[in-house]
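**Student:** Can you keep this structure in mind? I'll have questions shortly.
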Amino acid sequence: MPEEQPLNFLAADDDDGDIIASRIELEKIPRRLWEQTLAPLHYQERYEVARRISDEELRGAGLELAYEMDSADVARRRERLEAQGQARRAGAPLPTPDADHATARSSPQLNFRLRHDDHARLKEAAAAAGMRPTTLARALVLNGVAMILRERDAGRDPSRGSPPNRGLSFRE
């Protein structure tokens, strides 16, 4: 007797593990799990999955849920854009080193790794400053370099000068 396979309402593509919206049968899933099922889908796919429900009453509930989720996504997007605009208007501009030279050809690239929690903090700070994380990281690196060179030129030891540099080692 062959082993019975469990029903797979969220069939995933074998290659990348993404949920295939066309194979979701929402009416076979308990209603308390509908939002969780629809959450990873694009808003158009949510409506399409809800439209395929054969029972008219359930279809109405599915379309209403898709609309509510779409409205919540739009509200979150609007709040994020408003927060970025507010940060740009209210935030102090980041100081940047003088850029007297333009880059005429390819330039050196600097790469370094961050832990996930450090990257999350960088993203949060960048959002507060209304910048992309990469742009903020570049500005911080360049500002730090400029500060160290100013301290060196002023005759002070950069590793003893200011509290942020206290734990850094500048010798290899």
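The values are calculated or read from the model by the stated rules, or taken from the named source; none is laboratory data. From a predicted model like this one, the values you see are computed outputs, not experimental measurements. Backbone-built Cβ (ideal geometry, glycine too); neighbour counts: all protein chains shown. Side chains included, ligands, DNA and RNA excluded: accessible areas come from the protein's heavy atoms. Shrake-Rupley method; radii C 1.70, N 1.55, O 1.52, S 1.80 Å.
**Student:** Under 8 Å between Cβ atoms, which residue pairs at least 6 apart in sequence (or on different chains) link something in the stretch 47-59 that is under 15 Å from Trp34 (Cα atoms) with a partner that is among the hydroxyl-bearing types (Ser, Thr, Tyr) and loosely packed, with under 12 Cβ neighbours inside 10 Å?
**Tutor:** That search, which allows pairs on different chains as well, returns Glu48/Ser22.
**Student:** Check off (1) at pLDDT 90 or above; (2) open to solvent by 100 Å² or more (accessible area, probe 1.4 Å) for Ile53 and give me the number that stays unchecked.
**Tutor:** All conditions pass for Ile53, except number (2).
**Student:** Within the stretch 57-69, is there a residue that is assigned to a helix (DSSP H, G or I) and closer than 30 Å to Gly130 by Cβ? Break it down into steps so the answer makes sense when it comes.
**Tutor:** Initial filter on the stretch 57-69 (assigned to a helix (DSSP H, G or I)): 57-69.
So of that shortlist, the ones also closer than 30 Å to Gly130 by Cβ come out as 68-69.
Yes, because at least one residue in the stretch 57-69 is assigned to a helix (DSSP H, G or I) and closer than 30 Å to Gly130 by Cβ.
**Student:** Can I ask one more? Is it the case that Ala87 is open to solvent by 50 Å² or more (accessible area, probe 1.4 Å), among the small types (Gly, Ala, Ser) and at pLDDT below 85? Break it down stepwise before answering.
**Tutor:** On the way: open to solvent by 50 Å² or more (accessible area, probe 1.4 Å): no; among the small types (Gly, Ala, Ser): yes; at pLDDT below 85: yes.
Against the criterion (open to solvent by 50 Å² or more (accessible area, probe 1.4 Å), among the small types (Gly, Ala, Ser) and at pLDDT below 85), Ala87 does not qualify.
**Student:** Tally the residues that are modelled with pLDDT under 90 and exposed (fewer than 10 other Cβ atoms within 10 Å of the Cβ), restricting the search to the stretch 104-128.
**Tutor:** So the answer is 9.
**Student:** Turning to a different aspect of this structure: Exactly one of (1) loosely packed, with under 11 Cβ neighbours inside 10 Å; (2) under 18 Å from Pro30 (Cα atoms) is unmet by Leu81. Its number?
**Tutor:** Among (1) loosely packed, with under 11 Cβ neighbours inside 10 Å; (2) under 18 Å from Pro30 (Cα atoms), the lone unmet condition for Leu81 is (2).
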